[in-house]
Every structure is written in C-alpha cells, then in structure tokens.
1. Quick one: in region 94-122, of everything that is under 12 Å from the mean Cα position of the chain (by Cα) and touching a residue at least 40 places away in the same chain (Cβ under 8 Å), which residue is nearest to residue 70 (Cα to Cα)?
2. With respect to the numbered conditions (1) at positive phi; (2) assigned to a helix (DSSP H, G or I), which one is the sole condition not fulfilled by residue 41?
3. Determine, yes or no, whether residue 86 is farther than 30 Å from residue 190 by Cα, buried (at least 17 other Cβ atoms within 10 Å of the Cβ) and in contact (Cβ under 8 Å) with a residue 12 or more places away in the chain.
4. Being modelled with pLDDT under 90, out of contact with any helix residue (DSSP H, G or I) (no Cβ under 6 Å at 6 or more places or on another chain), assigned to a helix (DSSP H, G or I) and surrounded by 14 or more Cβ atoms within 10 Å (Cβ to Cβ) narrows it down to one residue among 105, 122, 187; which is it?
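The values are calculated or read from the model by the stated rules, or taken from the named source; none is laboratory data. Remember, predicted model here, so these are calculated numbers, not experimental data. So basically every Cβ, Gly included, is an ideal-geometry build from the backbone, and we count neighbours across all protein chains shown.
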C-alpha cells in the first residue's frame, strides 16, 4: 500500500462524504461537497503522477486507481441524475459500460495479459469530469443559498437544454470508446468472456 495506492483509497473514501454533503439542505454543505469532490479529483492526477515518477506501478494500483475513478465519477453522475439534470438511462449506459470495463481490465491484469488504452478512453474520462464540474458549478450557483445573485446568463443552460446535450455527447463517447477499447483488446476479451461462461456454467466441461 504505497502512496499512490493510498491516494486511490482516499478517493474512494471521500466519495460518500461528498455525496452526503451534496444532498444536505445547506449552501455551505454544497460548497463543502464541491471542495471534497475537487480534492478527490486531484488525488487521481497526483497518484498517477507519483506512480509514473517513482516507478511504483503495482498490480494493486492498476486495479485500485481505475476502480476509484469509476466510483467517484459514477456516484457523481447518479447524484445529478437523481436531481433530474439528465435522464437515468444515460447513467445506466455509462455505469454499465464502466463496470464491465473495470471487470475486464482487472481480469486481464490478474492474468498478466496486456491491455491497450486508446485515446478515446482517455478523452472520455476527461470529458466526463469536465461535464460533472460544469453541472456541479451550475448547481452551486442556482442552489447555493448564500445570498449570491444568480447571473442572468444561467437561464441559457436550461433554456437551450445544454446539460442534456452535453451528457448525450458524453454517453455516445463513452459507448464509442468502449467499443474501440474492446476491439483493440479482443483477444483478451475472448478469454474474459470464456471465464465468465465457465463461472456461470461450471459443469460444462466440453468447452474449448
């Protein structure tokens, strides 16, 4: 459990804290929620930086880091979907894709099989986080209850349905990056699907 892995674990532990604060009926609590989310997001960059700089890339870290990212991002999307900023089906698509990819990646790492990461997957994660920050800041400005005047231009966001369109694009990019990721790792994917089949049908001994 080196420092990068500790930061990944911290990111997981901070997630329920920011969710709890976000749903409190208090402007101060919502600001604290944003601060906790920002801190958790920064640990993602910092643990990767330390791991690369020191060469402390471990199997535990390869599993824990993306898992922490998925927990943080998925929790954020679920929260804002519950607040009716965008439809639940978008979250279902994104979370299902990410859970499957996490399981597949973890299996490949444990089996010592190389996994290629394409640029679309990296862009997907970056744009997801940007979208969450955008929605988060909008939510704070509208519901801060701190006596801050609401800028008139904020009416453009619901007026032009900007959050829905942004999340629609994020959902499409998430699906597309997943398809590219699976295609580029199709050999490892075949082993993963075979392992799932064997787990579901343990008595089937006639499989190749």
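1. That would be 98.
2. It fails just one condition, (1).
3. On the way: farther than 30 Å from residue 190 by Cα: yes; buried (at least 17 other Cβ atoms within 10 Å of the Cβ): yes; in contact (Cβ under 8 Å) with a residue 12 or more places away in the chain: yes.
It is true that residue 86 is farther than 30 Å from residue 190 by Cα, buried (at least 17 other Cβ atoms within 10 Å of the Cβ) and in contact (Cβ under 8 Å) with a residue 12 or more places away in the chain.
4. Details: 122 fails: surrounded by 14 or more Cβ atoms within 10 Å (Cβ to Cβ); 187 fails: surrounded by 14 or more Cβ atoms within 10 Å (Cβ to Cβ).
Sole residue among the options that is modelled with pLDDT under 90, out of contact with any helix residue (DSSP H, G or I) (no Cβ under 6 Å at 6 or more places or on another chain), assigned to a helix (DSSP H, G or I) and surrounded by 14 or more Cβ atoms within 10 Å (Cβ to Cβ): 105.
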